[in-house]
Amino acid sequence: MASGNATEAATKAGYSEYYAKNRIHTLMKSVGISGYIEELQEKAKGNRIMTAIERREFLTSMIKDGAVKDTDRLKALDILNKMDGEYTQKVEVNGNINSNPFNGLTTDELKEIIKD
């Protein structure tokens, strides 16, 4: 179903326009075609998406290709470095950290907590 439309796909497959408009939903449910269509769509989607290795190879080929503009080569290098985690990331933590939840309690309050 390359068109993404079941009715259109049915007419292209040779079904009458009447059947395609009025009965295709029954066919898709009763024969289990929708599951098969989903499986085919997943396979097709997988073929269109580059793997991480393919992306790295592509960027590396750009970096090494002298015919590519220097600005594009530097951008490819920057992207590749980000993918590989070559840059140090700055992480800020804001907030209060209470390392001792019992700090400031009296002896009597601590004894009361122990009893519970």
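Where does the chain land at 222 nm, in deg cm²/dmol rounded to the nearest 500, when only DSSP H runs of n ≥ 4 count, each adding -39500 (n - 2.57), divided by all residues?
-18500 deg cm²/dmol
Can you give the longest stretch of the chain with no exposed loop site, where a site means trypsin sites (Lys or Arg not before Pro) in a DSSP loop (not H, G, I, E or B) with at most 11 other C-beta atoms within 10 Å?
1-68
Please express the Cα-Cα pair-distance distribution P(r) of the chain as a list of whole percents, one per 10 Å bin, running from 0 to the bin with the greatest distance.
Whole-percent P(r) values from 0 Å outward: 10, 18, 11, 12, 15, 15, 11, 6, 1.
Above 12 Å lies some portion of the pair distances; for the stretch 70-116, what is it as a whole percent of all C-alpha pairs?
Tail of the P(r) past 12 Å holds 77 percent of the pairs.
Helix 33-48 against the longest principal axis of the chain: what's the angle in degrees, Cα atoms only, rounded to the nearest 10?
Roughly 70 degrees between the two axes.
What are the GluC sites (Glu not before Pro) within the stretch 19-116 that DSSP puts in a loop, where the Cβ has at most 16 other Cβ atoms within 10 Å?
Those satisfying the criteria are 86, 92.
What is the extension gain from residue 100 to residue 114, computed as 0.36 nm multiplied by their sequence separation minus the C-alpha to C-alpha distance, in nm to one decimal?
3.5 nm
Under a Cβ-Cβ cut-off of 13 Å, what is the net charge of the residues other than residue 55 that fall near it, where Lys and Arg count +1 and Asp and Glu count -1?
Taking every other residue near residue 55 into account, the sum is -1.
Each reported figure results from applying straightforward, stated rules to the coordinates on display, with no laboratory input. Computed from a prediction, not measured in an experiment: that's the story for all the values here. No Cβ is skipped: glycine too gets one built from the backbone with ideal geometry, and neighbour counts run over all protein chains shown.
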